[in-house]
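Quick notes on the structure that follows.
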Amino acid sequence: MSGLDADTVRHALQVARSRGFRRVSLQSGDDRFAATFEAGAQEVDEEEEAPAVAESREPVEAETELTSPVVGYFRSAKEPISVGDKVTVGQVVGEVVALGISNDVTSRFEGEVTEVLVESGQAVEFGQAIARVKA
């Protein structure tokens, strides 16, 4: 699935604001997003192929959440994630089963797991945090 989701846009805007950037632009497939903040903030050079998230010149440590895509019951992946594990973009960290249909929970971010918030077999709601990841 390509495209920009709301969580990615929010994360990019949060990073841009916290770093004082004047502009942020995102592109994923055919989807594009751009924003300009108030004057006086630092401007980021735009590239023709914009990254999926805003990047700064210095590393930024931000914590994000992996969330449930549907209402159902969470099941851990074959190798359950735990605190300290590294996750990559697109990595399946578990699944949520709803009405017998399995829905993968994939990481939209790369980083280190700082907290696992649900256990295998636990009921979860749409958008409920499954784990926290430090980028």
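Annotations for the structure displayed:
- In segment 29-41, the residues that are under 19 Å from Asp5 (Cα atoms) and assigned by TED's automatic domain parsing to the domain that holds Thr8 form Cβ pairs under 8 Å with partners that are among the hydroxyl-bearing types (Ser, Thr, Tyr) and at pLDDT 75 or above, at six or more places apart or across chains, as follows: Arg32/Ser25; Phe33/Ser25; Ala34/Ser25; Ala35/Ser25.
- Candidate set: segment 12-29, residues that are in a helix (DSSP H, G or I) and among the small types (Gly, Ala, Ser); chosen: the one nearest to the chain's Cα centre (by Cα): Ala12
- Residue, surrounded by the fewest Cβ atoms within 10 Å (Cβ to Cβ), within segment 80-118, restricted to residues that are closer than 16 Å to Pro69 by Cα and charged (D, E, K, R): Asp104
- Number of residues in segment 1-35 that are under 24 Å from Asn103 (Cβ atoms), loosely packed, with under 13 Cβ neighbours inside 10 Å and hydroxyl-bearing (Ser, Thr, Tyr): the value is 1.
- Residue count for segment 75-95, restricted to those that are touching a residue at least 40 places away in the same chain (Cβ under 8 Å) and of a type in the set (S, T, N, Q): 1
- Count of segment 1-40 residues which are touching a strand residue (DSSP E or B) at 6+ places or on another chain (Cβ under 6 Å), modelled with pLDDT under 75 and aliphatic (A, V, I, L, M): 2
The values are calculated or read from the model by the stated rules, or taken from the named source; none is laboratory data. Bear in mind the structure is a predicted one, so any value in this text is a computation, not a measurement. Backbone-built Cβ (ideal geometry, glycine too); neighbour counts: all protein chains shown.
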